[in-house]
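See below for the structure under consideration.
The values are calculated or read from the model by the stated rules, or taken from the named source; none is laboratory data. Not measured: the values here are computed from a predicted model. Cβ sites come from the backbone with ideal geometry, for glycine too, and all protein chains shown count toward neighbours. For the accessible areas, the whole protein counts, side chains as well, though only heavy atoms, and no ligand, DNA or RNA atoms are used. Shrake-Rupley method; radii C 1.70, N 1.55, O 1.52, S 1.80 Å.
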2 protein chains.
Amino acid sequence: MSERVPILQIGDILLVSIQTDLDDQSVLNLQDDLAARVVESAAHGVVIDISAVEIVDSFVGRMLATIAAISRMLDAETVVVGMRPAVAITLVELGLSLGGVSTALNLDLGLRLLERARGGRDGLTAEPTAS
Amino acid sequence: MSERVPILQIGDILLVSIQTDLDDQSVLNLQDDLAARVVESAAHGVVIDISAVEIVDSFVGRMLATIAAISRMLDAETVVVGMRPAVAITLVELGLSLGGVSTALNLDLGLRLLERARGGRDGLTAEPTAS
């Protein structure tokens, strides 16, 4: 059984909260679903919350990097939020420095990072003003 | 193994995305965690996303109502978002009309509902324009 991770939307930001260990098929599904949603919604940012992830392996690390790369191709920045200290240590020990993936301590800070990255355009619930 | 559902925070809104079938202990953990976080963060709203939930039973229905009741005691409004049509049908057939629980079609609309309920006070990262 490969479950599908739900993709939430806040303004033009997509939010994915990873809560379970994903098998290979689920990861592929997530990449497909996310790419489709980025295009469909013209999202400018993707936030991946991994606060529930206690153990990472190189597979999860690669997944994060791949999602970020795909999103960047589609003109959306990716921020990984909620990384536990132990997860950060493991990723570095695995030699996966997640180059090109921004991180923030929590969702709030991640959303702010995306807002700043977009040059201060307001993107959440407010309509973007012509500027 | 009873997993803990992560609770995300956006401004003064808490966000819970239910992705797996929760066993009894996980539901109790979630209620405890959520109550603690509402107090700790002085949150004004709780959004529960159930877009990944395909099958509900009376247990899940009661959980939603209980979380809403606890949150209300702690001065936070609860909105359930992402309910599938089949889930709505089942809840009604079960006689669980979720009285007192607000619903919205998706996260974005749920956040707007909470904003409105709070009389237009700004809660997210974007400033609401006077209108």
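Side notes on the structure shown:
- Once the Cα-Cα distance is subtracted from the 0.36 nm per residue extended length, the A:Asp33 to A:Leu74 segment shows a gain of 13.4 nm.
- Pairwise burial B:A, computed as accessible area of each alone minus the pair, summed, 1.4 Å, Å²: 1900
- With every protein chain in place, chain B: carbon and sulfur % of accessible area (1.4 Å): 54
- For A:Gln9, the distances from its label point to the matching points in the remaining copies are 2.8 nm, ordered from shortest, with each point set 7 Å beyond Cα toward Cβ.
- 0 to 90° range, to nearest 10: angle between helix A:58-73 axis and chain A longest Cα axis: 20
- Taking the label point 7 Å along Cα→Cβ, A:Arg118 and its counterparts in the other copies are spaced 2.0 nm apart, in ascending order.
- For chain A, dividing the convex hull volume of the Cα atoms by the residue count gives 97 Å³ per residue.
- Label spacing, shortest first and in nm, from B:Met73 to its equivalents in the remaining copies (7 angstrom along Cα→Cβ): 5.1
- Of the residues making up the stretch B:1-33, those losing 30 Å² or more of accessible area when the isolated chain is joined by the remaining protein chains, with a 1.4 Å probe, are B:Pro6, B:Leu8, B:Gln9, B:Ile10, B:Ser17, B:Gln19, B:Thr20.
- Rounded accessible area per residue of chain A, 1.4 Å, Å²: 49
- Helix B:107-117 axis, angle to chain B major axis (alpha carbon atoms, nearest 10°): 60
- Cα long-axis angle, helix A:24-41 against chain A (0 to 90 degrees, to the nearest 10): 0
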